[in-house]
Amino acid sequence: MDLLRSHLSRVRIPEPTNRVYKQECCISFDNPRSEGGLFIDMNSFLAFGKDYVVWNYEKSRNPVYLHVKQTRKSVPEDRPLKKPTLLAIGIEGGFDNNEPEYEETHSIIILPNFVSLPFPSVELPEKVRLAVDSILMSEGAERKEQIASWTADKKQISAYAMNLQQMDNGISVPPSGWKCSKCEKTENLWLNLTDGMILCGRRSWDGSGGNNHAIEHYKETNYPLAVKLGTITADLDKADVFSYPEDESVEDPLLAQHLAFFGIDFSSLQKTEMTTAERELDQNTNFDWNRIQENGKEGEPLFGPGYTGLVNLGNSCYLASTMQVVFATHPFCSRYYKSQSLKLAFENAPADPTLDLNTQLTKLGHGLLSGKYSVPAREKHEIGNPTNPACNTKQEGIPPRMFKVVIAASHHEFSTMRQQDAVEFYQHFIDLVERSNAGSAAVDPTRSFKFSIEERLQCSSGKVSYNRRVENLLSLNIPLHEATNKEQLKEFHKLKGEKGVKGEEVSADEIVRPRVPLEACLANFSAPEEINDFYSSALNAKTTASKRAGFTSFPDYLVLQMKKFVVEEGWVPKKLDVYIDVPDIIDISHMRSKGLQPGEELLPEAAGSENAESTLSANQDIVSQLANMGFNYFHCQKAAINTSNAGVEEAMNWLLSHMDDPDIDDPISQQNVGVDQSQVETLISFGFEEVLARKALKTSGGNIEKATDWLLDIPDASGPSNMDATNGVDKADGAGLPDGGGKYKLLGFVSHIGTSVHCGHYVAHVYKDGKWVIFNDNKVGTSINPPKDMGYIYFFERLAQ
């Protein structure tokens, strides 16, 4: 006790604003349930596992720790599992995790000799007792993240509900026997609350559902609200009301009144149809879901180094699946595991290592690749019976909480608990890792994923222009007309039409999907594209031009995105229901661009164009996100420029408003923007060159704070400039990147289940140690039949020449 009193000056009582970590070690995935428990620094409130707490003592000299240890209690074998009623985890009505209960014990530990004092104890100094009580009562920094849940946002009250006009047309809706007014459909029927029309819902991707008569009726009449018949019961809150102009399920506070207008007594109706949310839950068992997750296949569970699963934090499968493939590559494995120890990362970390990207990447790398946490876990119902052989069929996995906090700190969407686009996350991740390794190109793992694309444009004058850009992912459109099973598709559509006339639906076994070879997608990328109304600086007039693209360098790792998510007429997003036939080996050597050829003449600079110092550069993050939605890459650049790089939403709004502009394909160089000279001089006073200062201000839309951040993110921004004064781009654009042969082997792929990138589920498959492995959150096992034709993102590794 005297030893503890001698260190009281190193004990702090946490304040409400302090971040208190008590669920997980900040440099490993040890937690209170680990064998050694968790040690909480009573000065910094950081937590450490038993193997790492000494490192913190050596670095901080903080000697007093609260030790927290949790021991699992026995769970009754007959504890029932509840059927989920919500697409959610960890809340009432959601999926039951059947979590066991734990008994928690505490003690005070004094380093370096691990002197232990019991807690609670009246003999402890009051300051220590108050500090421990405050730590235990605090919410915990980890828990301040939103509770892991798949629950959709609460339905909002429709803006059209309170003043909805209803037509007195004599319609009285019977309590049963409904049928679509325009076809024979008797299921998936919607009652329009304005005119009382009963019409079928939207056609699903698999041919089921309705014939789109309800949505077509809205387009003709603009009557906004409809309720799904069969979901109306005495509990009106559970009725499925949809707002077409708001394009989402909504709440109608006056639903009882609106139903009574058409003679509907909701108190006597029984539920006969699934709501939209329930149908989404039901889709979890459809063909694609089962096939991608390989449900029903008895794959062997895998454990050990490189076979560690990631716990789903609540819609974090986009992160987990992407990281499993990325850390299967040599650059990331070397940078954050083999070449950097946890101790070295911690020693070089700032005061709070939980907010340091390098530390958290190293923690994740060691967690995934060391095998320390990839061990069989006992089934929850087998607790208390450790001899049962069923105890070694799965693993608990590691929760990437701290990594997610760091990686999402600068991105609003990734900081939420909503589902995200894995492609957008991959590009955001690569960008942050590149920034964190600025000035250390030799160890930057992202270089192995980068390549240069060159676009060649030739107008009717015969003159050409070449433009280069550096990418880390190649987005491929899917040419459905290149499907190899056209005859089967023809027969399927004939069958579907015949059944539709009879009011029948095709079964899952009868559905035929287009099969498009990956080679056709690659060929489509490099095929010539005609550009109409192109302004030619050689002719000083608009003409037709031809554009084609190719590689000027081949990366060590080629990442391909299949653009399955497209925007239909009316800007309605849709997922293409298509299979991509992907071979294990691809050769893209023929896709290399050769640059300016002898005899070719470059297009002159557009009249009135100025040098790069007065031309706004498009923010590549904005351009990439828009391009991934299916928009023309050049149009995306123009949208970003015309909105001063304000953001994706602003650029998209501009794009949608100017798609039909006659000058949409005019060269960007005609659009010049000035900058505030005083801001330029301010940046010059910071040590940056004038050309870079001007470019930064244009890239940031004139915001000097953003311009400073932009400059600080560039290696050697304050050193000699390597900018081309005529086009504002690095003269070495693409130079210095890895390059080699164009032959690649499939390393892994990320698949998506669901109708949108913002819902559903992601799963990863990786080729490891001579076999395919499935990573489905914390489930890791051999893949019996990897669904290579259903991937969303494919990772290829270059073959040695």
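The values are calculated or read from the model by the stated rules, or taken from the named source; none is laboratory data. Predicted model only: the values in this text are computed from it and were never measured. Here Cβ is always computed from backbone atoms with ideal geometry, including for glycine, and neighbour counts include all displayed protein chains. These area figures cover heavy atoms from the full protein model, side chains too; ligands, DNA and RNA do not enter into them. Shrake-Rupley method; radii C 1.70, N 1.55, O 1.52, S 1.80 Å.
Tabulated results
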quantity: Any hit, segment 270-286, residues being farther than 30 Å from PRO175 by Cβ and either modelled with pLDDT of 95 or more or assigned to a helix (DSSP H, G or I) (or both); calculated: yes
quantity: Scope segment 32-41; condition open to solvent by less than 70 Å² (accessible area, probe 1.4 Å) and either at negative phi or touching a helix residue (DSSP H, G or I) at 6+ places or on another chain (Cβ under 9 Å) (or both); matching residues; calculated: PRO32, SER34, GLY36, LEU38, PHE39, ILE40, ASP41
quantity: Extreme residue, modelled with the lowest pLDDT, among residues of segment 386-411 that are touching a helix residue (DSSP H, G or I) at 6+ places or on another chain (Cβ under 8 Å) and over 18 Å from ASP777 (Cβ atoms); calculated: ALA390
quantity: Hits in segment 1-31 - residues which are of a type outside the set (Lys, Arg), closer than 19 Å to PRO118 by Cα and open to solvent by 10 Å² or more (accessible area, probe 1.4 Å); calculated: MET1, ASP2, LEU3, SER6, HIS7, LEU8, ILE13
quantity: Residues within segment 401-437 that are among the polar types (S, T, N, Q) and crowded, with 17+ Cβ neighbours inside 10 Å, tallied; calculated: 4
quantity: Output for segment 742-762, where each listed residue is at pLDDT 95 or above and either open to solvent by 10 Å² or more (accessible area, probe 1.4 Å) or aliphatic (A, V, I, L, M) (or both); calculated: LYS743, LYS745, LEU746, LEU747, VAL750
quantity: Failed item, numbered, when VAL470 is tested on (1) open to solvent by less than 40 Å² (accessible area, probe 1.4 Å); (2) closer than 20 Å to TYR744 by Cβ; (3) in contact with a strand residue (DSSP E or B) (Cβ under 8 Å, 6 or more places away or on another chain); calculated: (1)
quantity: Residue list for segment 438-463, filter: surrounded by fewer than 21 Cβ atoms within 10 Å (Cβ to Cβ), at pLDDT 90 or above and in a loop (DSSP other than H, G, I, E, B); calculated: ASP444, SER460, SER461, GLY462, LYS463
quantity: Near pairs, Cβ below 7 angstrom, 6+ apart or cross-chain, from segment 154-169 (of a type outside the set (D, E, K, R)) to any residue that is open to solvent by 80 Å² or more (accessible area, probe 1.4 Å); calculated: GLN166/PHE261
quantity: Test result for VAL54, modelled with pLDDT of 95 or more and in a strand (DSSP E or B); calculated: no
quantity: Residues of segment 194-249 classified as in a loop (DSSP other than H, G, I, E, B), within 25 Å of GLY503 (Cα to Cα) and open to solvent by 30 Å² or more (accessible area, probe 1.4 Å), total; calculated: 7
quantity: Any hit, segment 39-50, residues being without any contact (Cβ under 8 Å) to a residue 40 or more places away in the chain, assigned to a loop (DSSP other than H, G, I, E, B) and within 33 Å of the chain's Cα centre (by Cα); calculated: no
quantity: Strands (runs of 3 or more DSSP E) wholly inside segment 481-560 that include at least 3 residues being open to solvent by 20 Å² or more (accessible area, probe 1.4 Å); calculated: 529-536, 541-551
quantity: Enumeration of residues in segment 767-776 that are touching a residue at least 40 places away in the same chain (Cβ under 8 Å) and either touching a helix residue (DSSP H, G or I) at 6+ places or on another chain (Cβ under 6 Å) or closer than 14 Å to GLY299 by Cα (or both); calculated: VAL773, ILE774, PHE775, ASN776
quantity: Looking only at segment 131-158, and only at residues there that are in a loop (DSSP other than H, G, I, E, B) and touching a strand residue (DSSP E or B) at 6+ places or on another chain (Cβ under 8 Å), the one that is modelled with the highest pLDDT; calculated: SER158
